[in-house]
Each structure stands twice: as structure tokens, then as C-alpha cells.
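Taken together, the values in this text are just the output of simple stated rules run on the coordinates, not laboratory data. Please read these numbers as outputs of a predicted model, since none were measured by experiment. Using ideal geometry, Cβ is built from the backbone for each residue, glycine included, and neighbour counts are taken over all protein chains shown.
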Amino acid sequence: MRQSQLFTKTLREAPKDEVSLNAQLLIRAGFVDKLMAGVYTYLPLGLRVLKKIQNIIREEIDAVGGQEVLMPALSPKENWEITGRWDGLDVLFKLAGTGDKEYALGASHEEVVTPLVQRFVKSYKDLPVAVYQIQNKFRNEPRAKSGLLRGREFNMKDLYSFHRDEADMDAYYETVSAAYSKIFQRCGLDAKIVEATGGTFSKFSHEFQVFTEHGEDDVYVCNKCGKNQNKELVTDLKCPYCGVEREIKKAIEVGNIFKLKTKYSAPFGFKYSAEDSGEKDVFMGCYGIGPSRVMGAIVEVGHDSGGIIWPESVAPFEIHLISLAKDEADIKLADEIYGKLIKSGKEVLYDDRAGVSAGAKFADSDLIGIPYRYVVSHKTLEQNSVEVKKRRAEEIDLVKI
């Protein structure tokens, strides 16, 4: 992509009403635009990052048997009344339609996916099954002030699994947990498993938390046995597993997994014909990752005074090619280098903007945070070379074209 054709521009300063670090940097670098509190437009650079995160998630969830679907964002009031969440979920967006019909915008999709799978699963032979989607969710958050980390509209991957019994659900729960660890590792995040409250139907759920001083959550960390707990569980600073005094760290939640058991299958009367005759309840698990939240977390932990530092796996482009060429011959050579990189399969953002100083181009490059910066100038071309610098490194190498 030629940067001269990119309709978005970088900003020297973030909007004054944006307090979160991730949103400040993403807005300044031209990845997102804020429409209102908790609602953002993904611009060309930001959408490339979001899609790469989504594709990593797809690959790992497909590998554990997930089947992708796309469910409606709009759902009828009746389904939410069946589960008791029409009045019980305080962040639910409720809409009035024609003919006195009432609807909800999907805050999560248990009320849609449970009767959906029920229509197809009748026998023990049909189980287990796991379906997932990647779709925007809507929650009427009272405090939408953390950029992409706490939105009123946000992107979510939600996986739901259906099982014959609790043992099968438990086994798949561990499989997904391992897949989540792979996902975050591939996204460049060191996510730790944290025990969280499991409500009335499970002793624990598990969150995946990334430690950072800018985090929203307090996590009690045991450096001896490695068990971590969300503060909502904690009654004592001492670790309940090994007795060592724990430290408290700030963290960002990037995913969670939950054993639903029969919480949603029972209200819908979702049973299956068992192998030994009779009917049994279907057990369920749910597993969430917010690709948009992952994107925000990557920025929170991956930045410096100059701007964002993207991991190669999710960066919008692999190479930021910067042309400082001024005369026609040099500009032609820079264009040829760009063409050769594209032809070789590289993802390149080509800063071919005329009339922009070298300092401004370098500042924009640091702010945008692409992993490799290639600089072409009259000086480098005289040596048949390109300056190559990694975003995280100080040293610059002169590499032959």
C-alpha cells in the first residue's frame, strides 16, 4: 500500500477526552477513530491488525474442532426471558420494534446458540459438538473509558461446546485452555491463567490475564506455586495452595473460559437420547476472546515513547519502506524496490509521500510501529543499498538491494 494513497493521517496529539493509552496511540497512529465513548471505527491499518488476530484465533479454534457460524446480533426478547437474563443482565441493550415486539442486541449468544444446536443434536451420537463465531457484541457499559479494553460495541470470538456429560465437558475445557495459551503466544502476549469466580454452577472460571501497570484488574500472584487468582476470590494475601504470601499485580483480561454445565441447556429443555436409553441433559462450556481487546492489550504492553511496537504476527505490514528520494531517477529506483518486495510476497507500507520531511516520516514510522523499517535515499542508492532497522532496535544496517 502506498502511504500517499492512505486516506487517514497520523496525529501529533491524541484527543483530549481519550484517557486510555491504547486508544490514544491507536487514534494518533491512524488505526481507529472514536465515534463516541466505547465505540470505534477500524481504519485500514487497524482492520488489517484485527483480521490477523481473528485469523490466528480461527486457526487454533478450528484445530480443536470448532465449527464457525455467524449468528444474528439481534435476538427476540422471548429467548432472554427463558434464561432469566432479560431482566437479570444489567448491560443488555433492549430495542422496541414494530408491532410491540422487543429485542436485544447480543451481549453474548447463549440465548441464540443453545436452541440453534438443539435443533440438530438429538442423540448421544451427535455429541460432542463445538460452534463458534467472530462477531460484534453490544453491552451498555456504565464506564466505557478504557479504549478497546471496555467498549459498548466490541469484537468477540465466542465458542460454545456441547457434551454428553461433565467429564467430557471437563476434558474439552482443558483442550480449549491449551489452545488459548497458543493464541496469546502467537499474538505476542504473555497471558497467565487466573482463577475467577464460577458463580453458582462452577467452583472456578478461568481468565487469561496480561500483566501490565496499566491494567484494570488486580490479580493475586503466587511466585512459588504459580497459582493466580482474581481479587474477587481472595480472602487472604496468603496463597491457599502453598501458604506463601502473594503479590498483587495489575492485569488486562484478554479471554475467559467457563463451565456452564446445564445453566442454559436446562431452561431450553435441551436433552439428548442416551446410549443406555432415556434422556439426559446436555452439558455446555463457553469460551471467549475479544480480538479487539487483544489488540488494545498488545498496544498497552508493546509501545515506547515513539509509539506502538507490533509483534510481527499481527502487524498491519511487515515492512515500512520509506523513500527519501527527491530526483526522478531515485524515485524510480525506490518504486522498483517497492514493486520487487510486493512481488516477492512481502507486506509493505510504502511511504512515497512527497513534500514530507525525513524527520516526519521517521516519527510516523515509529508511531505506526511496523516491525521493519527500510529507508531508501540518494545516499543509500549510490551504494546500491537500503537502510534496515528493526522497530525495537537502535542499530541500523546497510543492506545491499
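Extending each Cα 7 Å along its Cβ direction at Tyr241 and Ser202, get the distance between those two points in nm, one decimal.
The answer from the label model is 1.7 nm.
Using the alpha-carbon centroid of each, what span in Å lies between segment 314-368 and segment 32-60?
Measuring centre to centre over Cα atoms gives 24 Å.
For the chain, list the cysteines whose Cβ sits under 4.7 Å from no other cysteine Cβ?
Unpaired cysteines in the chain: Cys187, Cys286.
On full extension of the chain, what length is gained from Ala363 through Ser273, given 0.36 nm per residue of separation minus the C-alpha to C-alpha distance?
On the way: separation 90, 0.36 × 90 = 32.40 nm, distance 6.41 nm.
Here the segment from Ala363 to Ser273 would lengthen by 26.0 nm.
May I ask for the longest run of the chain untouched by chymotrypsin sites (Phe, Trp or Tyr not before Pro) that are loop-located per DSSP and have at most 14 neighbouring C-beta atoms (other than their own) within 10 Å? Don't jump to the answer; show the numbers that get you there.
On the way: sites that count: Phe7, Phe120, Phe201, Tyr241.
Answer - 242-401.
Can you work out the base-10 log of I(q)/I(0) for segment 243-300 at q = 0.13, 0.15, 0.20 1/Å, using the Debye formula on its C-alpha atoms alone?
-0.62, -0.69, -0.83
Express in nm, to one decimal, how much length is gained between Lys145 and Glu166 on full extension, taking 0.36 nm for each residue of separation and deducting their alpha carbon distance. Working shown, then result.
Working: separation 21, 0.36 × 21 = 7.56 nm, distance 3.88 nm.
Stretched out fully, the Lys145 to Glu166 stretch lengthens by 3.7 nm.
Check Phe93: other-chain or 5+ apart residues with amide H under 5 Å from its amide H, H built from backbone geometry?
Those lying under 5 Å, H to H, from Phe93 are Leu105, Asn140.
If each residue's Cβ is checked for other Cβ atoms within 10 Å, how do Ser305, Ser313 rank with the fewest at the top?
Working: Ser305 5, Ser313 15.
Starting with the residue having the fewest Cβ neighbours, the order is Ser305, Ser313.
Where does each of Met71, Met284, Met156 land when they are ranked from fewest to most other beta-carbon atoms within 10 angstrom? Don't jump to the answer; show the numbers that get you there.
Values: Met71 16, Met284 24, Met156 21.
With the fewest neighbours first, Met71, Met284, Met156 line up as Met71, Met156, Met284.
Express the relative contact order of segment 22-115 as a whole percentage, based on alpha carbon pairs under 8 Å and six or more residues apart in sequence. Present the calculation step by step, with values, prior to reporting the outcome.
Values: 76 pairs, mean separation 16.9, N = 94.
For segment 22-115, the relative contact order is 18 percent.
Two decimals is fine: what is log10 I(q)/I(0) at q = 0.22, 0.26, 0.27 Å⁻¹ for segment 319-400, from a Debye sum with one equal scatterer on every Cα and no solvent?
Normalising to I(0) and taking log10 leaves -1.09, -1.49, -1.57.
With θ set to phi - 60°, apply the Karplus curve 6.51 cos²θ - 1.76 cosθ + 1.60 along segment 25-38 and write out the HN-Hα couplings as whole Hz, x wherever there is a Gly or Pro.
5, 5, 6, 4, 7, x, 8, 9, 10, 8, 7, 6, 4, x
Divide by every residue of the chain the summed helix terms, -39500 (n - 2.57) for each DSSP H run of at least 4, and state the resulting mean residue ellipticity at 222 nm, rounded to the nearest 500 deg cm²/dmol.
Details: 10 runs with 112 residues, N = 401.
About -8500 deg cm²/dmol.
Can you tell me the Rg and Dmax of segment 246-397, counting just the alpha carbons, in angstroms?
25.6, 83
With the cut-off at 25 Å, tell me which of the pairs Lys16/Lys231; Lys326/Lys361; Lys326/Lys400 have Cα atoms farther apart than that. It would help to have the intermediate numbers written out before the result.
Working: Lys16/Lys231 32 Å; Lys326/Lys361 14 Å; Lys326/Lys400 20 Å.
With Cα atoms farther than 25 Å apart: Lys16/Lys231.
Apply 1/(1 + (r/R0)^6) to the Cβ-Cβ distance of Asn223 and Thr8, taking R0 = 51 Å, and write down the FRET efficiency to the nearest 0.05.
Details: r = 44 Å, r/R0 = 0.86.
After rounding, the FRET efficiency stands at 0.70.
Semi-axes of the equivalent ellipsoid for segment 26-151, please: Cα gyration tensor eigenvalues, times 5, square-rooted, ordered largest first, whole Å. Working shown, then result.
Values: eigenvalues 165, 114, 25 Å².
Gyration-tensor ellipsoid for segment 26-151: 29, 24, 11 Å.
Of the labelled options [x] 88, 86, 42; [y] 65, 57, 49; [z] 82, 58, 43, which one gives Cα extents along the principal axes in Å as computed for this structure?
Correct label is [z].
Find how much the distance from Ala354 to Thr175 grows on full extension, using 0.36 nm per residue of separation minus their present alpha carbon separation; answer in nm with one decimal.
59.2 nm
Considering Cα pairs under 8 angstrom that are at least six residues apart, work out the relative contact order of the chain and quote it in whole percent. Don't skip to the answer; put the middle values down first.
Numbers: 807 pairs, mean separation 65.3, N = 401.
About 16 percent, as a whole number.
Only residues of segment 127-164 count here: report those whose backbone N is under 14 Å from the spot 7 Å along Cα→Cβ of Asp17, or say none.
Only 144-147 fall inside the zone, counting backbone N under 14 Å.
Lys101 to Glu81: FRET efficiency via 1/(1 + (r/R0)^6), r the Cβ-Cβ distance, R0 22 Å, to the nearest 0.05?
Details: r = 13 Å, r/R0 = 0.59.
Calculated value: 0.95.
Per residue of segment 330-337, what does 6.51 cos²θ - 1.76 cosθ + 1.60 with θ = phi - 60° give for ³J(HN,Hα)? Whole Hz please, x for Gly and Pro, Karplus curve as stated.
5, 4, 5, 5, 4, 4, 5, 4
Return the sequence-ordered ³J(HN,Hα) values of segment 290-304 in whole Hz as given by the Karplus equation 6.51 cos²θ - 1.76 cosθ + 1.60 applied to θ = phi - 60°, using x for Gly and Pro.
My calculation for segment 290-304 gives x, x, 5, 5, 4, 4, x, 5, 4, 5, 4, 9, x, 7, 9 Hz in order.
Given a Förster distance of 30 Å, report the FRET efficiency between Asn55 and Ile342 from their Cβ-Cβ distance, rounded to the nearest 0.05.
Values: r = 20 Å, r/R0 = 0.68.
Efficiency computed from Cβ-Cβ geometry: 0.90.
Normalised by the residues of segment 319-400, what does the relative contact order come to in percent, with Cα pairs under 8 Å and at least six apart?
Details: 116 pairs, mean separation 27.1, N = 82.
Answer for segment 319-400 is 33 percent.
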